[in-house]
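Each remark here refers to the structure printed beneath this line.
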Amino acid sequence: MNHPFNANDSHTLGVELELQLVDTQTGELSNAINRILNRVPEQWSESFKPELMQSYCEINTGICHTVGDVERDLSAKLEWAGQTAESMGLQFLWAGTHPFSDWADQQISPGERYAWLTDRMQDVARQLVCFGLHIHVGVDSGDKAIQMCDRMLRHLPTLLALSANSPLWCGRDTGIMSYRSKLMDALPTAGLPLTMRNWSEYVWLMNHLVDTQFINSVREIWWDVRPHGGFGTVEIRIMDMPRHLNHVLGLVAMTQSLVAAISDQIDKGAYLYDCHPMIAKQNKWHAARFGLDASFVDPDTMLAVPARQTVRRLMELCDPFAERLGCREHLQYISDLLDHGNGAEYQQDVFHRAESDARAVVAALLEGRQDSTVAASRDKAGRSGG
């Protein structure tokens, strides 16, 4: 099987949101995706997609060149989707897991691929009621995409800590800030990527896995960062679905700037110290468990560093590239996460103030989404002189 890499000559963007469909009255997950899909306008037919469970709604951007493009693309689609869902008694919940709906109550979407997945993986697949943010960034060669996966290892835990938004599962506080990441890690081809030398080795490995029927296609590779030959991108998949669109935009800006920074270093022939896979695994666990209160091992000094300090260092690395890419303003949304906490902290705070009532968390998340949408609209109007 041939796997060409359709190279990009710039750091294009594609963003995928996995949102939860919930019943407005009960707050429970609703297996209602087909009701939404049946009303999608023709021009967006490729932007709204089903997922493994019928309570998912995946919303994708087109090919974007700037984070501003992403903001305009998603804002229009989210406005339509929100109004359409509301007319059906539904709302979208932004979180990595649902706080109380039981995974066993969710219906699998029809289709051969989903049937194959559930047959092969049984309850491991059926428990995948979790929702993430995926960001594609264009790169100019398959070999660079492979190098990028290796050199992103040290940064993946930081992105997870910032986005962590899934502490509740089946009505309980799991104590894990990103429980979604632990659900994903149960898959046989998920987690941190393997170290590979070049695109040719990746193609050989994919062909081997398909030929031996371990996977059905390259779509069954769920690494935290993976190359995507068809799009000519690296796809960063480690993040939970954040609580706000602004947080999404901040993470997109950081990711695009980071890929640009690493690409620049590769082009200059700079030697980057590789992060030992065990250190990356250790840091990922700390990010999932503690979020922004984690302590990370610095791969260069091997000393423990607070996660928030690691974020600030990463922002400094990204800053000149964000300026070049025109997303410096969006990168500052990361400061909001540092100042006010991530979604997991918010959920835990609401949960414990409500005396362990997970339904109160859903209500707060839905209300917070409405407040943030109004605030974002006002902020946008202010910046445009409206």
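If the chain linking Glu323 and Gln265 were pulled fully straight, counting 0.36 nm for each residue of separation and taking away their Cα-Cα distance, it would gain 19.2 nm.
For segment 13-383, the dipole from Cβ point charges (+1 on Lys and Arg, -1 on Asp and Glu) about the Cα centre works out to 260 debye, to the nearest 20. Each residue in Thr26, Thr84 was given a count of other beta-carbon atoms within 10 angstrom of its own, and listing them fewest first yields Thr26, Thr84. A simple charge model with +1 on the Cβ of Lys and Arg, -1 on the Cβ of Asp and Glu and nothing else charged puts the dipole of segment 59-212 at about 320 debye relative to its Cα centre. Summary value for the chain: 21 percent relative contact order, contacts being C-alpha pairs under 8 angstrom separated by 6+ residues. Each of Ser181, Ser10 has some number of other Cβ atoms within 10 Å of its Cβ, and from fewest to most they run Ser10, Ser181. The local environment of Leu338, defined by Cβ-Cβ distances under 9 Å, has a net charge of 0 under the rule Lys, Arg +1 and Asp, Glu -1.
Pairs on different chains or at least eight residues apart, Cα atoms closer than 20 Å: how many lysine pairs in the chain fit? Let's see the in-between values first.
On the way: Lys49/Lys77; Lys77/Lys380; Lys144/Lys268; Lys182/Lys281; Lys182/Lys284.
For the chain, the number of qualifying lysine pairs is 5.
If a/c stays under 1.5 just call it rounded; otherwise compare a/b with b/c (prolate if a/b is bigger, oblate if not). Do that for segment 13-383, with a ≥ b ≥ c from the square roots of the Cα gyration tensor eigenvalues. It is rounded, given that a/c, with a ≥ b ≥ c, falls under 1.5. Positive contributions from Lys and Arg (+1) and negative ones from Asp and Glu (-1), summed over other residues with Cβ under 11 Å from the Cβ of Asn165, come out at 0.
Of all DSSP-defined beta bridges confined to segment 13-383, some 90% are antiparallel rather than parallel.
Counting only trypsin sites (Lys or Arg not before Pro) that DSSP places in a loop and that have at most 11 other Cβ atoms within 10 Å, the longest clean stretch of the chain runs over 1-196. Segment 140-182 gives an Rg/Rh value of 1.22, both radii derived from C-alpha positions and Rh following Kirkwood.
Calculated from DSSP H runs of 4 or more alone, at -39500 (n - 2.57) each and per residue, what is the 222 nm mean residue ellipticity of the chain, nearest 500? Spell out each step's value before the answer.
On the way: 15 runs with 183 residues, N = 386.
Taken over the chain, the calculation gives -15000 deg cm²/dmol.
The chymotrypsin sites (Phe, Trp or Tyr not before Pro) of segment 232-322 that meet both conditions, a loop assignment by DSSP and at most 10 other Cβ atoms within 10 Å of the site Cβ, are Tyr271, Tyr273.
In order along segment 135-151, phi translates into HN-Hα couplings of 10, 9, 10, x, 9, 9, 6, x, 4, 5, 4, 5, 4, 4, 4, 5, 7 Hz, rounded to whole numbers, per the Karplus curve 6.51 cos²θ - 1.76 cosθ + 1.60 with θ = phi - 60° and x for Gly and Pro.
Here r is the Cβ-Cβ distance between Gln83 and Arg359 and R0 is 22 Å; the resulting FRET efficiency, rounded to 0.05, is 0.35.
Taking the Cα centre of segment 184-337 as reference, the dipole from Cβ charges on Lys and Arg (+1) and Asp and Glu (-1) amounts to some 160 debye. In this simple spin-label approximation, Gln25 and Arg39 carry label points 7 Å from Cα along the Cα→Cβ vector, and these lie 1.7 nm apart.
Panel order for Ser47, Ser141, Ser163, Ser356, by other beta carbons found within 10 Å of each beta carbon, from fewest to most: Ser356, Ser141, Ser47, Ser163. For the residues Gly96, Gly232, Gly171, a GNM of the chain with alpha-carbon springs under 10 Å puts the largest fluctuation on Gly171.
What full-extension length gain, to one decimal in nm, is calculated for His352 and Ser335 as 0.36 nm per residue of separation minus the Cα-Cα distance? Before the final figure, lay out the partial values.
Values: separation 17, 0.36 × 17 = 6.12 nm, distance 2.53 nm.
Value of the extension gain: 3.6 nm.
Throughout, read-outs are computed from the coordinates displayed, never taken from laboratory work. Since the model is a prediction, treat every value here as computed from it, not as a measurement. Note that we place each Cβ from the backbone using ideal geometry, even for glycine, and neighbour counts take in every protein chain shown.
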